[in-house]
Structure formats: structure tokens, C-alpha cells
1. Condition first: hydrophobic (A, V, I, L, M, F, W, C), part of a helix (DSSP H, G or I), farther than 25 Å from Val346 by Cα and open to solvent by less than 30 Å² (accessible area, probe 1.4 Å). Can you find one or more residues in the range 2-12 that meet it?
2. Which one of these does Ala61 not meet: (1) under 25 Å from the mean Cα position of the chain (by Cα); (2) farther than 24 Å from Val146 by Cα?
3. Applying the selection to the range 243-256, what residues are under 19 Å from Asn177 (Cβ atoms) and either modelled with pLDDT under 95 or buried (at least 21 other Cβ atoms within 10 Å of the Cβ) (or both)?
4. Restricting the search to the range 258-292, which residues are open to solvent by 30 Å² or more (accessible area, probe 1.4 Å), in a helix (DSSP H, G or I) and touching a helix residue (DSSP H, G or I) at 6+ places or on another chain (Cβ under 6 Å)?
5. For the range 416-439, give me each residue that is open to solvent by 60 Å² or more (accessible area, probe 1.4 Å) and not in a helix (DSSP H, G or I).
6. Please enumerate the residues belonging to the range 97-136 that are part of a helix (DSSP H, G or I), surrounded by 14 or more Cβ atoms within 10 Å (Cβ to Cβ) and within 23 Å of the chain's Cα centre (by Cα).
7. When you look at Leu57, is it over 19 Å from Leu338 (Cβ atoms), among the aliphatic types (A, V, I, L, M) and free of Cβ contacts under 8 Å to residues at least 60 places away in the same chain, yes or no?
8. Take Gly398 and tell me if it is free of Cβ contacts under 8 Å to residues at least 40 places away in the same chain, assigned to a loop (DSSP other than H, G, I, E, B), over 30 Å from Tyr81 (Cα atoms) and not hydroxyl-bearing (Ser, Thr, Tyr).
Amino acid sequence: GSAEDLAHRAVQVLGKTSPASLEAMAQDELLAEFLQAFPVFPAWFERQMTDLRRRLLFASADDGIAGLLSKVAIQCHLNEYAWFEDRVETMLVDRFVESLADLTPHQVMALACYRPLARLPGADALLDRTWPGPVQDVLKEQIVAVREEQKIGLALNSLTAVRAGVSEAVRSQYEENPYPRWRFVSQAAVVDHVHGRPFPKNPEVLVVGCGTGRHAIEATLAIAGCRTLAVDLSRASLAYAVRKTGELGIDCIEYAHADLLELAGSGLQFDIVQSAGVLHHMEDPFEAARKLCQLVKPGGLVALGLYSARAREVLKPAKALAKRYTPESVRALRRAILDAPEGDPVKAPATMSRDFYATSGCRDLIMHVQEHELRLADIQRIVTENNLTFLGFHQFEGVKDTYRAMFPHDPQGLDLEAWDAFEAAHPSTFGRMFQFWAQAAA
């Protein structure tokens, strides 16, 4: 199954075994794997892990829990310190920050559970000392990798300037919070066609708005023999992508710093252009779609992912609440949502999203600096304006039977007006996004 399925199954198993003693949790291999792989979810599990972190902070430095402590430190880096901390924790952690050079192995790892080490003054000096394995794991993740990304970011090739205004505002959000942080990718089956349209041999692929690289890597691994150019506005996100791609030993992806709006006039064209979760963060998604389609060869293929207004209607209360908070107070916003009573409309829709469980994801979900939500008529407009042939929604596989029962005239799921009626009846169909393939005119 996908990484998503594995994560959900792991949570179900872990729910049966917790809460347990520190010693028992230190022996739990599934817990160790989960902590290093995904930001912890859902809310009950986050509460347990926040409590575990507190217990570890005040525990005596016993060898039995060093491994567990290092995994929690890696988890907190992965979720970007989204968890709430109380005043007593903050006081002790602040003391650790002040005496960084004199900390014990246990204290270094405990500190790393609360603060990103690379941002602390004097942190690099920690690399000059000899540490036990678990501490080395944490330093590698939190200082060595971060410094490597900073170097990569400076050296990245820039294909275009970044347009002032919205592009610049979006860029700065992802410089502060590269999204998403990830450790593993899903390996999908390799395909040589989509919706009956064969891919050209060894296709050239462009991924627009690749962020931290997971989508670019998964798309590349799924298309036989392709070469990929992946571009993004944020150097911090790209640097994360380059580092992770290198770790995986993948050498057929080139990353570059570029703004789609400026790239379109470059004369570059590709067999396949993919962009998920990007156009709706631009000033004018229709202009962005036109620019994107200029980058597709005649007869080439386009894969787009765009927010559905109907599916995201449920997030409106949480987004209204989020307007009272700043990017620096995401933790307090999350706390307010988690503490809201059951049945409060701010709570369930936000906490049901996996994005809610990391700082960058939470900002992306309910605090984005620029966001458009679209309707199926807008998808139709993008298809028509750019002379595309609509090939089908990614979600069709999951709802095929229900859709066909409602619309027997459209067994392939290509009628966008019918989809509009279907979405009205099933508003969560496109919960993540409208994700679809289309083909450019030859």
C-alpha cells in the first residue's frame, strides 16, 4: 500500500498498545519507525506523544530511553515543533539553550525535541564533540542536513527571476516553512500511459512548484525512462528536495529556482507537465494555467491539481479563526483548534487533515498567504481556454461505480457538468484537490 495507508494502519496498531511505560515504548519498533517517518496524527496520538516528550524531558538519563528520545527529537523536527509546551517545559528548555556547550547527551536530545538545533547560537560546536549513536542521529538530522541544505540553496541554478507581489509573498512563506517535510516516498507502479494515451518514449517531464521534491520524485519514478526538470519559487524547499533526491540515489531529476510566470516565455517545452497544489496559490490561476500550457509540446500531456471550493467549504471556520494568529503563533492556533469542544465547526475538518499535524502543513492548510478555490466550471474554463482535451480525474477510480450509477451516459467520467452535479451530492469527493489529466492539441 501507499505510505498513507501504512501510516493509518500503524496508528491503529499503536492505539491498541498505548499508553505504556517509557521502557515499553522504548522497545516498540513500530513506534520508532512511525516517529521517524510521518508527523504524528491524529489528535489523540499527538496528545500522547506530547505527553511522552514531557516525560522524557524530566526523566533521568537512563540508557534504555536514549533511542526513544532521539526518535522523538527527529519527529519534532519533522513536524516543525507544532506541539504545545507548558511553562515548566519552556523554563527548563530555555536553561538548556543557555548552557548549550555543557549539555549531557540526554539533555542535547531533550532540547532537540523542543527547539531546532541548527537555529541555536553555538549549535555547530556540538559537532566537534564525540557523542553516542542516538545523539549523532539527531545532530545529523538537525544540524548536518540543515547546513547542507543551506549550501545547496545558495548554489542552485536560477532559471528566472521571481515576480514581485504574490509570487514573492508565497516564496517567503515556503522559505520559512518548506512544505512538506518528509522522510520516505511511495513507489508507485511504473506506467507508460495515462487514460489510454501512451507516453512518448523517454519523455521530458516538467514539475512546476515541486516544493520539497516528494511529488517530483514520485512522478519521476512512476514514468518509465523520463528525465525531469523540477522548479519552485523557494530555495529552501528546493534544497531539501536536492538533498533527499541525492540520498535516494536518483539522478534523472534536475532542480532549478524559477517562477512559472517568467518561465513560460523561455521557449522550453516538455512532453508532460505536472503541477499539483500550485496554480491556486497564484494571483490569477487562469493566467498561470495559460503560462503552464505554453510549456507543453503539441499533443503533450498535462496533470493538474487544484483546490475544490465545495470540498474546502468545511475549513472556512478554521480559516476565519486563523486570521487572528500570525505565522509565529501557529502552535497557539493549533492548540485553540485542538481544545475546541467536539462539534465546534473549527475542529473536525482541520484536525482530520494530515496537514494539520506539522507547522508548514498547518500554514498551508488554513493560513496560506494566497489561495483560490475553484469549481468545476473553472476546470472547464481552463480546459477550453487552453485547447485541452480532458482525459479524466484521478479520483474516478475510487468513485467509479457510484458515479456511473448516477450518470450511465458517461462511463469514462469525462462530462464536467455531470461531475458538478456529482460533487454537489458528494462534496468531499475532491477533498484533497481536483486532480486530472488533459492533453494539449497536436
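1. Applying the first criterion (hydrophobic (A, V, I, L, M, F, W, C)) to the range 2-12 yields 3, 6-7, 10-11.
Subset that is part of a helix (DSSP H, G or I): 3, 6-7, 10-11.
Next cut, farther than 25 Å from Val346 by Cα only: 3, 6, 10.
Filter again for open to solvent by less than 30 Å² (accessible area, probe 1.4 Å), leaving 3, 10.
Yes, the range 2-12 contains at least one residue that is hydrophobic (A, V, I, L, M, F, W, C), part of a helix (DSSP H, G or I), farther than 25 Å from Val346 by Cα and open to solvent by less than 30 Å² (accessible area, probe 1.4 Å).
2. (1)
3. Here is the first cut: in the range 243-256, the residues under 19 Å from Asn177 (Cβ atoms) are 243-244, 255.
Scanning the range 243-256 gives Lys244, Tyr255.
4. Lys291 - this is the single residue of the range 258-292 that is open to solvent by 30 Å² or more (accessible area, probe 1.4 Å), in a helix (DSSP H, G or I) and touching a helix residue (DSSP H, G or I) at 6+ places or on another chain (Cβ under 6 Å).
5. His426, Pro427, Ser428, Arg432
6. The answer is Ala112, Leu117, Ala118.
7. Numbers: over 19 Å from Leu338 (Cβ atoms): yes; among the aliphatic types (A, V, I, L, M): yes; free of Cβ contacts under 8 Å to residues at least 60 places away in the same chain: yes.
Yes.
8. Numbers: free of Cβ contacts under 8 Å to residues at least 40 places away in the same chain: yes; assigned to a loop (DSSP other than H, G, I, E, B): no; over 30 Å from Tyr81 (Cα atoms): yes; not hydroxyl-bearing (Ser, Thr, Tyr): yes.
No: the conditions fail for Gly398.
The values are calculated or read from the model by the stated rules, or taken from the named source; none is laboratory data. Being a predicted model, the structure only gives us computed values, none of them experimental. Neighbour counts run over all protein chains shown; Cβ positions are idealised from the backbone, glycine included. Each accessible area value is taken on the protein alone, full model and side chains, heavy atoms only, with ligands, DNA and RNA left out. Shrake-Rupley method; radii C 1.70, N 1.55, O 1.52, S 1.80 Å.
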